[in-house]
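The values are calculated or read from the model by the stated rules, or taken from the named source; none is laboratory data. What you are looking at is a predicted structure, and each value in this text was computed from that prediction instead of being measured. Quick reminder, even Gly has a Cβ in these numbers, built from the backbone with ideal geometry, and neighbours come from all protein chains shown. Accessible surface areas use protein heavy atoms only, side chains included; no ligands, DNA or RNA. Shrake-Rupley method; radii C 1.70, N 1.55, O 1.52, S 1.80 Å.
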Amino acid sequence: DVIYAGHLVAPAVSRLVDDIAPFNYRLVSQSDDPRVTDRSASYVRKLDLIARSRVTVVQNLLFLRPGHVRAVRATDGWEENEAFADIVRAAEAGGDVAAGEIIAPQIKSRLFEAAFCRSLILCRRDRWNVIERFFEPGEEFVYYEEGKLTETLQGILADFGAFQAVIDRAFERAG
């Protein structure tokens with residue numbers, strides 16, 4: 001019914017996996033976590049799994065680690081870039097926030113893979129919503145709110161046929 005592909009490097013991603021685990025799910029990851037169903041799957045295998053899944057959960061966020069933060073801070077003018085607001089917030093608080101709490105927007109190929117594979121794109125809403133540069137909300141993908149993934153998935157799966165036009169429009173847009 002549902003698939004997520006990605007590393008389990010942040011608490012938010014682990015919570016996402018907890019939310020999809022009660023469903024008929026696939027988790028494609030290289031992470032060493034017992035919830036991973038397809039560890040180190042080839043790209044072709046991952047696309048096959050997405051194509052077999054009714055819903056692909058995506059989030060267009062990068063959970064920054066200390067090395068990322070150092071690289072950003074070494075770039076002139078980084079403070080003026082809205083994408084790095086969490087780093088500014090952490091600096092103003094007098095240090096680093098906990099691992100995985102500093103986030104930045106990052107467009108992920110997974111949403112395009114879902115569109116090409118005709119799987120419904122279910123995207124976490126965030127303050128940047130970079131997906132909207134490529135797809136129209138409600139028309140070509142569906143948002144879920146942090147903390148409401150389970151109920152959003154339940155609603156989609158209960159009336160999945162109602163989302164066929166959304167899937168078709170995303171496929172057409174991506175092509």
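The set of residues from segment 118-159 being surrounded by 16 or more Cβ atoms within 10 Å (Cβ to Cβ) and among the polar types (S, T, N, Q) comprises Ser119, Thr152. Could you pull out the residue among Ala85, Ala115, Ala104, Ala162 that is open to solvent by less than 20 Å² (accessible area, probe 1.4 Å) and assigned to a helix (DSSP H, G or I)? From the options Ala85, Ala115, Ala104, Ala162, the qualifying one is Ala115.
Mind listing just one residue for me: the one in segment 129-152 that is of a type outside the set (Val, Ile, Thr) and touching a helix residue (DSSP H, G or I) at 6+ places or on another chain (Cβ under 7 Å) and, of those, farthest from Arg45 (Cα to Cα)? This residue is Glu139.
Provide a single number: the residues in segment 62-74 that are under 23 Å from Tyr143 (Cβ atoms) and surrounded by fewer than 19 Cβ atoms within 10 Å (Cβ to Cβ). Residues in segment 62-74 being under 23 Å from Tyr143 (Cβ atoms) and surrounded by fewer than 19 Cβ atoms within 10 Å (Cβ to Cβ): 1 in total.
Taking residues in segment 122-146 that are in contact (Cβ under 8 Å) with a residue 60 or more places away in the chain and within 22 Å of Ala162 (Cα to Cα), and partners anywhere that are open to solvent by 20 Å² or more (accessible area, probe 1.4 Å) and assigned to a helix (DSSP H, G or I), the pairs with Cβ atoms closer than 9 Å and at least 6 places apart or on different chains are Leu122/Thr152; Tyr144/Glu151; Tyr144/Thr152.
Scanning segment 101-108 finds no residues that are basic (Lys, Arg) and at pLDDT 95 or above.
One line per residue, one yes/no per condition, for (1) in a strand (DSSP E or B); (2) modelled with pLDDT of 95 or more; (3) within 18 Å of the chain's Cα centre (by Cα):
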{"position": "Val69", "(1), (2), (3)": "no, no, no"}
{"position": "Glu79", "(1), (2), (3)": "no, no, no"}
{"position": "Arg89", "(1), (2), (3)": "no, no, no"}
{"position": "Arg127", "(1), (2), (3)": "no, no, yes"}
{"position": "Arg173", "(1), (2), (3)": "no, yes, no"}
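Give all pairs with beta carbons closer than 8 Å in which a residue from segment 25-50 that is of a type in the set (Asp, Glu) meets a residue that is assigned to a loop (DSSP other than H, G, I, E, B) and open to solvent by 20 Å² or more (accessible area, probe 1.4 Å); count only pairs at least 6 apart in sequence or on separate chains. Filtered contacts from segment 25-50: Asp33/Leu8.
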